[in-house]
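The structure appears right after this line, and notes come after that.
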Amino acid sequence: MKKPMRVAVTGAAGQIGYSLLFRIASGEMLGKDQPVILQLLEIPDEKAQKALKGVMMELDDCAFPLLQSMVGTSDANVAFKDVDVALLVGARPRGPGMERKDLLEANGAIFVPQGKAIGEVASRDVKVLVVGNPANTNALIAMKAAKGLKPSQFTAMMRLDHNRALTQVAQKTGKAVTDVKKMSIWGNHSATQYPDVFHAEVAGKNAAQTINDQAWIEGTFIPTVQKRGAAIIDARGLSSAASAANAAIDHVRDWVLGSSEWVSMGVPSDGSYGIPEGIIFGYPCTTANGQYTIVKGIEHNDFAKAKIAATQKELEEERAAIAHLLK
Ligand code: NAI
């Protein structure tokens, strides 16, 4: 029997938590032979803690063979103690009349102490995925607050956008999603992100050439992927949760266990493609041996360069708004 891996999930009583925890416990994220210990964080609020207890009761009732034990807590130092993987899902949603700057600030108040706690008590090899929005900048805040860990251990979720893009292209070309390869989502997990089909492939051929419809790429594909979150809220009356949880599982599984495909991940920029260091930027990555590597050597056309510049600018503005939290 393998040594159990400890997985922290914040916002564990929320919508995404409810779609995520059962799949982690069943082995879909870390492998069907990998026991797990779940360390679940929620706010101290009585209602949230009670809801968390309810979710833990249901996890008990699944009798998952791989779920070795679990703890529910409102103390970040308990939740992150010795964890191998931390999924930071809990975040402050935008309230009525709240400006983007206020939202960034309110989330800073969550991600500074959580990053600090991760730096102090998590495994030295912890892998952190930030799902809670604004995910890229929250990941940057947590990364800067975590002392003694490498920046490369902090990532933000672009995988939902990536999976959305795969399906749009598969449906447009009448192929299976598994025929679509080398998809990439560049920049921020926001409406400025740039989903790139010019370097993607469908059944071994260039995707943009196969689609052969620039108007669809510019006027339908890109805005559909960029604004899919809002479209789900409009249709469902609630934000995407099951698909977000699914993307989190995909992101961590491929990071830990490796993948033969390109995956999109928000990672600290190393200067690749002229993106300055010090922001968490969506790039195509390959994964192997528990590490990711940014795909190098992609040549962008002027259209793509302009889109990437816009999403870079937004991330730089977000960073400027919370610069005082990064000291
Ligand atoms: P939700 O509101 O249902 O659940 C969030 C949970 O987090 C709540 O139970 C809340 O009590 C908890 N929470 C808040 N602050 C916390 C803290 N400091 N520590 C621990 N727990 C805390 O929201 P949902 O639908 O689960 O979404 C969570 C986040 O994920 C949101 O920020 C949402 O915008 C984001 N999201 C990100 C996506 C991505 O692709 N990166 C996709 C979909 C959602």
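The values are calculated or read from the model by the stated rules, or taken from the named source; none is laboratory data. The structure presented is a predicted model; accordingly, all values stated were derived computationally and were not measured. For neighbour counting, all protein chains shown are included, and Cβ atoms are generated from backbone atoms with ideal geometry for every residue, glycine included. Heads up: the accessible areas ignore ligands, DNA and RNA and are worked out on the full protein's heavy atoms, side chains in. Shrake-Rupley method; radii C 1.70, N 1.55, O 1.52, S 1.80 Å.
Key figures for this structure:
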item	result
Aspartates and glutamates with Cα under 12 Å of residue 305, excluding same-chain neighbours fewer than 8 positions away	196
Ranking by accessible area, most exposed first, for 300, 251 with a 1.4 Å probe	300, 251
Euclidean distance of C-alpha centroids, the stretch 39-83 and the stretch 200-265, integer Å	30 Å
For the chain, average projected area of the Cα convex hull in nm²	16.4 nm²
Relative contact order %, the stretch 185-227, counting alpha carbon pairs below 8 Å whose residues are six or more apart	36 percent
Beta bridge orientation in the chain: antiparallel %, DSSP, nearest 5	50 percent
Dipole of the stretch 158-323, positive direction: furthest Cα of 199, 209, 288, with charges on the beta-carbon	209
Residue-level accessible surface for residue 299, protein heavy atoms, 1.4 Å, Å²	150 Å²
Total formal charge among the other residues, if their Cβ is under 11 angstrom from that of residue 42, Lys/Arg +1 and Asp/Glu -1	0
The chain: calculated mean residue ellipticity at 222 nm from DSSP helix runs of at least 4, using -39500 (n - 2.57)	-13000 deg cm²/dmol
Derived scalar couplings ³J(HN,Hα) [the stretch 33-49; Karplus, 6.51 cos²θ - 1.76 cosθ + 1.60; whole Hz; x for Gly, Pro]	10, 10, x, 10, 10, 8, 10, 9, 10, 9, 5, x, 2, 4, 5, 5, 5
Relative contact order %, the stretch 5-156, counting alpha carbon pairs below 8 Å whose residues are six or more apart	23 percent
Ratio of Rg to Rh over the stretch 118-248 (Cα coordinates, Kirkwood Rh, two decimals)	1.04
Accessible area (Å², per residue) of the chain, counting only protein heavy atoms and a probe of 1.4 Å	43 Å²
Sorted peptide list for 283-292, 155-164, criterion being average Cβ within 10 angstrom, highest first	155-164, 283-292
Residue 305 accessible area, 1.4 Å probe, all protein chains in place, Å² to nearest 10	110 Å²
Computed lengthening from residue 68 to residue 299, 0.36 nm per intervening residue step minus Cα-Cα distance	78.4 nm
Length added when fully stretched, residue 177-residue 57, from 0.36 nm per residue minus Cα-Cα	39.6 nm
